[in-house]
Amino acid sequence: MIDGIESALTLTYAWLKAGHVIFVIFWIAGMFMLPRYYVYHQESAPGSEEEKRWIDREAKLRHIIITPSMILVWVLGLALAWTSGAYTEGWLHAKVALVLVLSAYHGWLIGYGRKLAKGERPLSGKALRIMNELPGLATVLIVILVIVKPF
């Protein structure tokens, strides 16, 4: 009986982990793409057909890929922490803090997209290009925390 339960938990953990990694890849890929879309959007002429296409592309990326992926990353990640008992470990606390930062950045990007769709362009293309590096930096730190588990 106990071997069956352990086997089921091991199998569940493997599937949760696979799903978590898959949706992290989707989410982070989208988080790299969206600021770049915003740069191209800002470089298009206000009111042009090109601008309308960028607004549509941005909305599709947010609604079809990025936001659903972020939700699944959270659900699967929390399930992993619970299944593995890792929720008491320091490295996981640091990882969750970084994922919270990425989630806040995600929310900020959505808000910025709404401003762009209204014709507002508060940041320069250069500022957006610099901000595009945040997901990469967070990803590097998160991978180190998960693999190395420094604390």
Checklist entry - Along each of its three principal axes, how wide is the spread of alpha-carbon positions in segment 43-141, in whole angstrom units, largest first? => result 53, 25, 17
Item to check | Lys pairs under 21 Å by Cα in the chain, provided they are eight or more residues apart or on distinct chains | outcome: 10
Next on the checklist: If R₀ is 35 angstrom, what is the calculated FRET efficiency for the pair TYR87 and PHE32, using the beta carbon separation as r and rounding to 0.05?
Outcome noted: 0.75
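With r defined as the distance between the Cβ atoms of THR67 and THR10 and R0 fixed at 30 Å, what FRET efficiency is calculated, to the nearest 0.05?
Working: r = 31 Å, r/R0 = 1.04.
Efficiency, from the Cβ-Cβ distance: 0.45.
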Checklist outcome for this item: Rounded to the nearest 0.05, FRET efficiency between LYS60 and LYS126 (Cβ-Cβ, R0 22 Å) equals 0.30
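If we count every other residue with Cβ under 12 angstrom of ILE110's Cβ, Lys/Arg +1 and Asp/Glu -1, where does the sum land?
On the way: positive: ARG62, ARG114, LYS115; negative: GLU58.
Value of the local net charge: +2.
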Next on the checklist: Using only the alpha-carbon atoms, how far is helix 67-84 inclined from the longest principal axis of the chain? Give it as 0 to 90 degrees, nearest 10.
Outcome noted: 20 degrees
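How charged is the neighbourhood of HIS41? Take every other residue with its Cβ under 14 Å from the Cβ of HIS41, and add Lys/Arg as +1 and Asp/Glu as -1. Intermediate values should be presented prior to the final figure.
Working: positive: ARG36, LYS52, ARG53, ARG57, LYS60, ARG62, ARG114, LYS115, LYS118, ARG121, ARG129; negative: GLU43, GLU49, GLU50, GLU51, ASP56, GLU58, GLU120.
Result for the neighbourhood of HIS41: +4.
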Checklist entry - Around ILE144, with a cut-off of 15 angstrom between Cβ atoms, what is the net charge of the other residues, counting Lys and Arg +1 and Asp and Glu -1? => result +1
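With a 1.4 Å probe and every protein chain left in place, work out the accessible area per residue of segment 57-144 in Å², rounded to a whole number. Numbers along the way, then the final one.
Details: 4750 Å² over 88 residues.
Spelled out: the 1.4 Å probe surface of segment 57-144, per residue, equals 54 Å².
Return the carbon/sulfur percentage of the accessible area of the chain, one whole number, probe 1.4 Å, all protein chains in place.
Within the chain, the accessible surface is 71 percent carbon and sulfur.
The values are calculated or read from the model by the stated rules, or taken from the named source; none is laboratory data. These figures come from a predicted structure and were not determined experimentally. Neighbour counts are summed over all protein chains in view; Cβ atoms, including those assigned to glycine, are modelled from backbone coordinates with ideal geometry. Accessible surface is based on the protein model in full, side chains and every heavy atom, while ligands, DNA and RNA are left aside. Shrake-Rupley method; radii C 1.70, N 1.55, O 1.52, S 1.80 Å.
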